[in-house]
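Novice: Quick one: the structure is below, questions incoming.
No lab work stands behind these numbers, since they all come straight from the coordinates. Just so you know, these numbers come straight off a predicted model, no measurement behind them. Every residue, glycine as well, gets a Cβ built from its backbone with ideal geometry; the counts of neighbours run over all protein chains shown.
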Amino acid sequence: MRQNLPRRTRNRSTLAQLKTQVKKLGAAVASGDAEQARQLLPVTVGELDRAKKKGVVHANAAARTKSRLTRRVNALEAPQG
């Protein structure tokens, strides 16, 4: 009980920061802005790794999310057709 409240607060803060970063990258991909997406990808991956290290996100979930985001960014740079 004594540790629960500070940990929950810290976890929620970390998760909120992570979700915001993922949404920023998703918006860049959705708008087709490859340059901005390429710049945001390492920042987002860093946030995912930080959340994984703190135990906020499961390791496999972080890896899966990184993979999906990377594929989406790479698809922007690939020639269409």
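Novice: Got a number for residues in the stretch 5-48 being surrounded by fewer than 14 Cβ atoms within 10 Å (Cβ to Cβ), over 22 Å from VAL73 (Cα atoms) and among the β-branched types (Val, Ile, Thr)?
Specialist: Residues that pass the stated criteria total 1.
Novice: Residue by residue through the stretch 49-59, note down the ones that are surrounded by 14 or more Cβ atoms within 10 Å (Cβ to Cβ) and either within 17 Å of THR70 (Cα to Cα) or without any contact (Cβ under 8 Å) to a residue 40 or more places away in the chain (or both).
Specialist: ASP49, ARG50, ALA51, LYS52 - these are the residues of the stretch 49-59 that are surrounded by 14 or more Cβ atoms within 10 Å (Cβ to Cβ) and either within 17 Å of THR70 (Cα to Cα) or without any contact (Cβ under 8 Å) to a residue 40 or more places away in the chain (or both).
Novice: Still on this structure, please answer the following. Considering only residues that are surrounded by fewer than 16 Cβ atoms within 10 Å (Cβ to Cβ), over 15 Å from LYS19 (Cα atoms) and not β-branched (Val, Ile, Thr), which ones fall in the stretch 64-75? Reasoning before the result, please.
Specialist: Filtering the stretch 64-75 for residues surrounded by fewer than 16 Cβ atoms within 10 Å (Cβ to Cβ) gives 64, 67-68, 70-71, 74-75.
After this cut, where a residue has to be over 15 Å from LYS19 (Cα atoms) as well, the list is 67, 70-71, 74-75.
Scanning the stretch 64-75 gives SER67, ARG71, ASN74, ALA75.
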